[in-house]
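Structure first, then comments.
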Amino acid sequence: MRIVLGVGGGIAAYKVASLLRLFTEAGHDVTVIPTEASTRFVGTATWEALSGNPVSNSVFDDVHLVNHVRLGHEADLVVVAPATADLLAKAATGQAADLLTNTLLMAHGPVLFAPAMHTEMWQHPATRANVETLRTRGAAVLEPASGRLTGADSGPGRLPEPEAIFEAAMALVQGRTDYQLPLAGRTVTISAGGTREPLDPVRFLGNRSSGKQGVALAVAARNAGATVRLLAAHMDVPAPSGVEVVRVETALQLRAAALEAAADSDVFIMSAAVADFRPADVSDTKIKKRDDTADPVITLVRNPDILQELVERRNSQPAAVAAGQLIVGFAAETGDSEGDVLAYGEAKLQRKGCDLLVVNHVGTDKVFGQDSNSVVILSRAGSEPQEASGTKAEVSDAIISRISLELNRLSVN
């Protein structure tokens, strides 16, 4: 596929190098057209090296090739990132001041704008009108992500992560209607991995969690346009790019990080395997095994119920604030003579009070460390249980899709 990648003059231009790499690694032929202002942030040599194609922003370069007409005609897709307020205005009013704006006027295929600017610029009536004009004419304009901007400010206006823009671009060229990122502007916090409770400087009580499901959820949320924060306990897999990572080890550390992160989270997903108990006493030195001493007796105490505390904290907020946050729990169950996995899941959902509970059947050869999963999503609102199975990436996509639907329901109500 032939792609024209337009780069606007914003500080987020440096992130577009990663987007270019995603396109080229997927086998697409990419021509980069930076604006003159954008070359103050990233030089043309970078774009030429990464794309393997010559780079220009002037209609007077290679005039015999008629690039200002040819590039738009031949492109299967045009992506503009970052689409600054200035670029959106020029595109909406049909200006043709340089090679990029000429190409936009000549484009026959789909066009995707990924905005990035300060919050006040994005929310200004002029910018909103320009966005509406472009969308009315058939262009796809993503919602920007929300989070830290240039300087100390925070709010909607961040460039979506390169992986999210790539996913939206591929959906657009495939004719799918889900190219608009469903979690754009949302902040999603996800806990992942297994906590470890120290016995002494060498030993700990842990569990078999690999963190694969939590990482897959972080990728799915990031690709849906969310600003993602990953509270990472012990994991056997690396954290994905494009997410904020907060490292924790024990349940108490995870609790502190979770309560802090919940303050600005639209969605909180507790997928970490949190130890229910921890040693009452932790030795400062390694516990020795000696023939002349008795075997040690380890007394355990309960760890706090982080999921339940998150729900209680949320519900103590004013109604309008509490209604805007979605909390998702995970239940790793084995079932026994007193009840099956779903029965225990339903009981846990009512006990914890979270909005959704993802239930899976675990064991020594199930879920933990595996690349596939099979879950049932239970809803406190009383919706029918939803099954999802496949790779952990596929299961994560189903969970994030369900979360998007629940957020839409909350906004309507």
Review point. Got the relative contact order for region 2-173 handy, in percent, Cα pairs under 8 Å and 6 or more residues apart?
Key: 23 percent
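Over 16 Å, how big is the tail of the calculated P(r) for region 153-200, in percent of all Cα pairs? List each step's numbers first, then the result.
Details: 666 of 1128 pairs.
Looking at region 153-200, the distances longer than 16 Å represent 59 percent of pairs.
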Check your understanding: Sequence-distant or interchain residues sharing an amide H contact under 5 Å with Ala83, placed H: which?
Key -> Ala114, Ala116
Check your understanding: For region 123-181 and region 194-257, what is the separation of their C-alpha centers, rounded to whole Å?
Key -> 29 Å
**Study point:** For region 277-334, Kirkwood radius (reciprocal of mean inverse C-alpha pair distance, Å)
**Key:** 15.7 Å
Exercise for review: Apply the Debye scattering formula to region 250-295, with a single equal point scatterer on each alpha-carbon and no solvent, then give log10 I(q)/I(0) at q = 0.28 Å⁻¹.
Suggested key: -1.11
**Study point:** the chain: antiparallel DSSP beta bridges as a percent of all, rounded to 5
**Key:** 35 percent
Review point. Among Ile269, Ala347, Ala331, which residue has its Cα positioned farthest towards the positive end of the charge dipole of region 187-412, with +1 placed on the Cβ of Lys and Arg, -1 on the Cβ of Asp and Glu, and the dipole taken about the Cα centre?
Key: Ile269
Review point. Under 22 Å Cα-Cα from Lys348, which lysines qualify once same-chain neighbours fewer than 8 residues away are excluded?
Key: Lys366
Check your understanding: If Lys and Arg each add +1 and Asp and Glu each add -1, what is the summed charge of the other residues whose beta carbon sits under 14 Å from the beta carbon of Gln317?
Key -> -2
Revision key, fill the gap. Convex hull around the C-alpha positions of region 187-412: the volume in Å³ per residue is 141 Å³
**Study point:** Dimensionless Rg/Rh of region 28-126 - Kirkwood Rh, Rg from C-alpha atoms
**Key:** 0.96
Review point. If you take the charge dipole of the chain about its Cα centre, with +1 on Lys and Arg Cβ and -1 on Asp and Glu Cβ, which of His118, Ala192, Val131 is farthest toward its positive end?
Key: His118
Exercise for review: Calculate the dipole size of the chain relative to its Cα centre from +1 charges on Lys and Arg beta carbons and -1 charges on Asp and Glu beta carbons; express the result in debye to the nearest 20.
Suggested key: 440 debye
**Study point:** Ordering of 248-257, 80-89 by packing [mean C-beta count within 10 Å, highest first]
**Key:** 80-89, 248-257
Practice item. Please tell me the relative contact order of region 187-412 in percent, rounded to the nearest whole number, where contacts are Cα pairs under 8 Å and at least six residues apart. Key: 20 percent
**Study point:** Cα-centred dipole magnitude for region 187-412, charges only on beta-carbon of K, R (+1) and D, E (-1), debye, nearest 20
**Key:** 400 debye
Point to revise | Kirkwood hydrodynamic radius of region 198-238, from inverse mean 1/r over distinct Cα pairs, in Å | key: 11.9 Å
Point to revise | Relative contact order of the chain, pairs being alpha-carbon contacts under 8 Å that are 6 or more residues apart, as % | key: 10 percent
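Go through 276-285, 161-170 and give me the packing order, highest mean Cβ count within 10 Å leading. Write out the running numbers ahead of the final one.
Values: 276-285: 12.5, 161-170: 22.6.
Final packing ranking: 161-170, 276-285.
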Exercise for review: Please pull out the direction-averaged projected area of region 2-173, using the convex hull of its alpha-carbon atoms, in nm² to one decimal place.
Suggested key: 8.9 nm²
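Bear in mind that the values in this text are calculations on the coordinates, not laboratory data. A quick note: this is a predicted structure, and the numbers were derived from the prediction, not measured. With ideal geometry, Cβ positions are generated from the backbone for all residues, glycine too; neighbour counts draw on all protein chains shown.
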